[in-house]
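The block underneath contains the structure these notes are about, expressed in structure tokens.
The values are calculated or read from the model by the stated rules, or taken from the named source; none is laboratory data. Being a predicted model, the structure only gives us computed values, none of them experimental. Neighbour counts are summed over all protein chains in view; Cβ atoms, including those assigned to glycine, are modelled from backbone coordinates with ideal geometry. When the accessible area is computed, the model is the full protein with side chains, heavy atoms only, and any ligands, DNA or RNA have been set aside. Shrake-Rupley method; radii C 1.70, N 1.55, O 1.52, S 1.80 Å.
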Amino acid sequence: MATVKQRKNSYSVIYWYKNENGERKQKWEKFLSNKEANKRKTFIEYYQSEHGLVIVPLNEQHAGEIKDAQSKKEDSDDSITFGEFLDIFVNLYGTNKWSVSTYTVKKAEIENYIKPYIGDVKLKDITTKMLTEYYNQLLSVPQVPNNFKGPTGKCVQPAGVKKIHDIIRCALNQAIRWEYLDQSKRNPATLVTLPKMQKNPRAVWNIETFRQAVTVADDDLLVICMHLAFSCSMRIGEILGLTWDDVIIDETAIATNNARVIINKELTRLNYENIQKLKEKEIIKIFPTHQPHCTTRLVLKTPKTETSNRTVWLPKTVARLLVEYKHNQDELKEFLGDEYIDYNLVIAMDNGNPTEGSIVRKRFRVLCENNGFEKVVFHSLRHLSTGYKLKLTNGDVKSVQGDTGHAEAEMVTDVYSRILDEDRRYNAQKMDQEFYSSLDVDNEAKAKEAENNAVLLELLKNMSDEDKEKLIKKLKKSK
């Protein structure tokens, strides 16, 4: 894919190519008019689609090819189907913009939910009405099982429709930019009415349940994972991708409250074919597989967003737990010798191999079942952490955001706003104590006074005339 960029009175066409060593390089070509630049851009894209990432020649002999490329494009624009365009979109845009994990997810959604239903529709015939009908139809389509989850028995949910819509909207935006669609018209996906999404808040423990859980748990690996999720607001992939060189827990650091973890990678499982297709983009390490014909690999990769790269300071107690955990791990290494595969991972299996997220989630689920705790997912500990820190800091969203690694502060307040419900209940109790309790005292005094007056009145009624006269004389004297 090539781009055109204006610089003062000239226009530059920018595109990528591979040199003789296979390294990706960027090339800039200067033109005096936007029209010339766009003609060159069109030919570059056509030429590289035929010959790969190579330097595109500018010789006169290719003038005819440029004309052919433009005419072919014009002829094909009217007949190209949405499915055919999505292939172009994925190969040009997806491979350049998406990470391997994002590429894998979006490619699967295109193949499973978009192409089978609207892939044969001509690109130029995509309308807002058609997309709205298609999104409503998706709600009755069964979810396609993937390599990591079996059949769910559910249909596509509104949240899933939203993700599919995001792909379609982005693809149609590119179709307009690449002039497959009329640039004077609006993207038909921008006006679509999406199915209403119901918010289902994630079940989260209270702090007392967490305290009890880490006390009764006898699985050292699980306990350390739970403490890191809670104290450092870490995602499961970040915990499992943590290496000892990024854990600062020496005595000086602990004594000066400077013990910390540096979060700069995560562990996940990815499709190996897509890893290769994207040239191992954002991949730090690929772990070997012990299963023949395995289509996926466990990898260490860079975090999901730039803000996910962060440093989080450790409470002293958690730092000391990590010191003890490392000591035990070192003893295991020494005992096993060469049988221990040392990847320097903090969370590792007994032989040193990386620990998959599914293992931790299963152990956590068993902990809940065996101890009668409310069944929550492991990720809810990160929610609990965020809510607890918001309370500790009196709502300092920015400092909490620094720990969670969320890209936007609004994500902290939106996702975790329900943690304020407990405080609101507490506010009602305080109002009862501070204000309404005083009203209750006044009301009790008035009720007592009314009761006393009623008793006095009854006594007066029962007094003899002589006693009443004596009482009246006495009252007059007292005045």
query = Ranked highest first by the average count of other Cβ atoms within 10 Å around their residues, in what order do 264-276, 154-166 fall?
reply = 264-276, 154-166
message = Can you tally the net charge around N19? Count Lys and Arg as +1, Asp and Glu as -1, for every other residue whose Cβ sits under 12 Å from the Cβ of N19.
response = +2
key: Amide H partners (placed H, <5 Å) of T81, local residues excluded   = L123
key: Mean Cα-pair separation over length for the stretch 231-278, i.e. relative contact order, pairs under 8 Å, 6 or more apart, %   = 41 percent
ask   = So what is the relative contact order of the stretch 170-288, in percent, for Cα pairs below 8 Å that sit 6 or more residues apart?
value = 13 percent
remark   = the stretch 1-48 and the stretch 218-292 have their Cα centres apart by a whole-number Å value of 40 Å
query = Using the Cα gyration tensor of the stretch 347-405, with a ≥ b ≥ c the square roots of its eigenvalues, what is the shape: rounded (a/c below 1.5), prolate (a/b larger than b/c) or oblate (neither)?
reply = oblate
task = Name the shape class, rounded, prolate or oblate, that the alpha-carbon gyration tensor gives for the stretch 173-289, where a ≥ b ≥ c are the square roots of its eigenvalues, rounded holds for a/c under 1.5, and otherwise prolate holds if a/b is larger than b/c and oblate otherwise.
result = prolate
task = Take every Cα pair under 8 Å in the stretch 262-319 that's 6+ residues apart, average their separations, divide by the length, and report that relative contact order as a whole percent.
result = 47 percent
inquiry  = Multiplying the sequence separation of T256 and K27 by 0.36 nm and subtracting their Cα-Cα distance, what value in nm do you get?
reply    = 77.3 nm
ask   = Does the stretch 126-236 come out rounded, prolate or oblate, given a ≥ b ≥ c as the square roots of the eigenvalues of its C-alpha gyration tensor, rounded meaning a/c under 1.5 and, failing that, prolate meaning a/b above b/c?
value = prolate
remark   = FRET efficiency (E324, T3; Cβ distance; R0 56 Å; to 0.05) is 0.55
request  = May I ask you to rank H327, H383 by accessible area, largest first, using a 1.4 Å probe over the protein chains only?
outcome  = H327, H383
task = Could you tell me what percent of the accessible area of the stretch 218-309 is made up of carbon and sulfur, with a 1.4 Å probe and every protein chain present?
result = 47 percent
inquiry  = Output wanted: per-residue J couplings in Hz (rounded whole) for the stretch 267-277, from phi through Karplus 6.51 cos²θ - 1.76 cosθ + 1.60, θ = phi - 60°, x for Gly and Pro.
reply    = 9, 7, 10, 10, 5, 5, 4, 6, 4, 5, 4
Residue-wise HN-Hα coupling along the stretch 230-237, computed from phi with Karplus coefficients 6.51, -1.76, 1.60 (Hz; x: Gly, Pro) = 7, 6, 10, 6, 8, 6, 4, x
query = Which FRET efficiency value, to the nearest 0.05, is calculated for T393 and K316 with the Förster distance at 25 angstrom and r the Cβ-Cβ distance?
reply = 0.85
